[in-house]
Amino acid sequence: MFTPSPSLIVPDTELGSEGMRLERLGPNHYHATLAPSRGLPLVPNMLQFRCENAADTPVRIDVTFPVEAPRGKFDEYPHSATPDYRTYLPLEWERPCNGTGNTLHIPPTPWNVFQVGMQCPLPQKALAGRIDAVREHPHVEVSALGESIQGRPIHRIRVHDPAHTPRWRHVIVNQHPGEGNSRWRLMSMLDRLLSDDPGCAALRGRAEIDFIPMLCPDGPANGWRRVNADGVDMNRCFRMEGPDARHQTREAFLLQSFLESQPPHTLWCMHTWPGLTESILDGAGPEFSGDCGSIEDLHALFLQHGEGLLKPLSVREEPGGAETWNGGPRRRLGITTFLIEGGGEPAVPEPHEEAGWALLKILGAFWR
Ligand SMILES: [Zn+2]
């Protein structure tokens, strides 16, 4: 019987891994050596590749990152295989997370060509397809903050019903390019907001909401988990002195300029770490003193809408670091900011979509 021999392809124009070395050890068996990230030598670029000629065949990949005491361990999260960025097959690591050596097993699938990446990857072209699907909605305006260093648009989707004057402005943004599950959470908020749900229709009139689903669109094609082409951590680049193209990496300058041109009431920063999705309030803006309600009211909404999907709200005594997009804008602009974390696993979209829907319900219920 003829057994197909899968080929692992890197680079891939959508999901790659800069500097990764691949050796073929057998017909279905590879060894991948990950390279360090630009700017963060203890963090590996992500294990990402395209697999071709692979239908009905298992594939084994031994992965190493030859660095002592690595950070941002490559096997910290489950990975997934996807033929279309809609269907995801979760993949598990053979051994417990250690960051230096592990094995990924891909079982036989019906797909002849598929991509593999960390969490549920949602790279630039797949994101563009999702944006095209809502572009014609009468309450949607699609634009870009500008171009990334490698020339990709940083998409911005603004949602508002122009028949009404918005009372509130909200901005929802994903900073780290490797945290695909958080982009599923964010895109679910967008899709639900545009649904026929009566509460969402009312919210579109009451608020203007900007979605920036990937601040660093160069990341997935290069396997960068946290950084841009300058090797700058995309959540360590807010500038307390104000936006400045000479002293700030490009994507950060574009986002900060946008935020400061008309500061929103709230800023939601979408990330992942292990465990259930959790929301950390860096600080409450002036609307908490009367117009909307108290922090206790917000706590109650998290319990009401987040059961089984979100941890209870955490409130920081001091905002996060001034270089972060939750801590910095809170300190400099005095607005309400959230760090949304957790949800790093599982590597299927549905729980992250449900978490996004819960967050949108909370946003709509509190900022009335
Ligand atoms: Zn992050």
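How high is the relative contact order of segment 124-366? Use alpha-carbon pairs under 8 Å, at least six apart in sequence, and give a whole percent.
On the way: 512 pairs, mean separation 56.5, N = 243.
Relative contact order of segment 124-366: 23 percent.
Given the C-alpha centroids of segment 160-207 and segment 91-117, what is the distance between them in whole angstrom?
Measuring centre to centre over Cα atoms gives 33 Å.
Among the chymotrypsin sites (Phe, Trp or Tyr not before Pro) in segment 1-100, which ones are in a DSSP loop with at most 12 other Cβ atoms within 10 Å of the Cβ? Mind listing them? Intermediate results must be reported in sequence, preceding the final value.
Numbers: sites: F2, Y30, F49, F74, Y85, Y88, W93; in loops: F2, F74, Y85, Y88.
Of the chymotrypsin sites (Phe, Trp or Tyr not before Pro), the ones in loops of segment 1-100 whose Cβ has at most 12 other Cβ atoms within 10 Å are F2.
So what's the angle, to the nearest 10 degrees on a 0 to 90 scale, between helix 350-366 and the longest Cα principal axis of the chain?
The angle comes out near 10 degrees.
Between the DSSP loop rule and a limit of at most 10 other Cβ atoms within 10 Å, which chymotrypsin sites (Phe, Trp or Tyr not before Pro) in segment 196-263 are left? Working shown, then result.
Values: sites: F211, W224, F238, F253, F258; in loops: W224, F238.
In loop regions of segment 196-263 (DSSP not H, G, I, E or B), there are no sparsely surrounded chymotrypsin sites (Phe, Trp or Tyr not before Pro).
Please report, for the Cα atoms of the chain, the Rg to one decimal and the Dmax as a whole number; what are they, in angstrom?
Calculated on Cα positions, Rg and Dmax stand at 20.6, 73 Å.
With angles folded into 0 to 90 degrees, how steeply does helix 180-193 sit against the dominant principal axis of the chain? Use alpha carbons for both and round to 10.
40 degrees
By counting other Cβ atoms within 10 Å of each Cβ, how are V173, V10 ranked from fewest to most?
Numbers: V173 24, V10 18.
Listed from fewest to most nearby Cβ atoms, that is V10, V173.
Would you please give the FRET efficiency between A322 and A202, computed as 1/(1 + (r/R0)^6) with r the Cβ-Cβ distance and R0 = 51 Å, to the nearest 0.05? Write out the running numbers ahead of the final one.
Values: r = 36 Å, r/R0 = 0.71.
Efficiency, rounded to the nearest 0.05: 0.90.
Given points 7 Å out from each Cα along the Cα-Cβ axis, report the I295 to A163 separation in nanometres with one decimal.
3.9 nm
Collect residues whose amide H, placed 1.01 Å from N in the peptide plane, falls under 5 Å from the amide H of N174; neighbours closer than 5 in sequence don't count.
Placed amide hydrogens put I212, M214, L215, M270 under 5 Å from N174.
Under 27 Å between alpha carbons, and skipping anything fewer than 8 positions from K73 in its own chain: which lysines qualify?
Counting by Cα, and skipping residues close in sequence, K73 has these lysines nearby: K125, K311.
So, counting K/R as plus one and D/E as minus one, what does the shell of residues with Cβ under 12 Å around G199 add up to? If you can, show how the numbers build up before the last one.
Working: positive: R192, R204, R206, K361, R368; negative: D196, D197.
Combined, the nearby Lys, Arg, Asp and Glu give +3.
Eigenvalues of the Cα gyration tensor times 5, then square-rooted: what semi-axes does that give for segment 7-118, in whole angstrom, largest first? Mind showing how you got there, number by number?
Numbers: eigenvalues 98, 40, 35 Å².
Over the Cα atoms of segment 7-118, the semi-axes work out to 22, 14, 13 Å.
For segment 1-105, run through the GluC sites (Glu not before Pro) and keep only the ones in DSSP coil with at most 16 other Cβ atoms within 10 Å of their Cβ. Provide the component values of the computation, followed by the final result.
Working: sites: E14, E18, E23, E52, E68, E76, E92, E94; in loops: E14, E18, E68, E76, E92, E94.
When the GluC sites (Glu not before Pro) of segment 1-105 are filtered for loop state and at most 16 Cβ neighbours within 10 Å, E68, E92, E94 remain.
Go ahead and run the numbers for FRET between E92 and R21, Cβ-Cβ distance against an R0 of 25 Å, rounding to 0.05. Don't skip to the answer; put the middle values down first.
Details: r = 24 Å, r/R0 = 0.95.
Computed FRET efficiency for E92 and R21 comes out at 0.60.
Could you grab the relative contact order for segment 309-368? Cα pairs under 8 Å, six or more apart, rounded to a whole percent. Each step should come with its number before you reach the end.
Details: 28 pairs, mean separation 16.4, N = 60.
Over segment 309-368, the number comes to 27 percent.
Using r as the Cβ-Cβ distance of T33 and V113, and R0 as 41 Å, what FRET efficiency do you calculate, to the nearest 0.05? Could you put the intermediate results ahead of the total?
Numbers: r = 24 Å, r/R0 = 0.58.
Computed FRET efficiency for T33 and V113 comes out at 0.95.
Starting from the Cα of L303, step 7 Å along the direction of its Cβ; do the same at L42; then give the gap between the two resulting points in nm.
3.9 nm
No value in this document is a laboratory result; all are computed from the given coordinates. Here the structure is a predicted model, which is why all the values come from computation and not from measurement. Every residue, glycine as well, gets a Cβ built from its backbone with ideal geometry; the counts of neighbours run over all protein chains shown.
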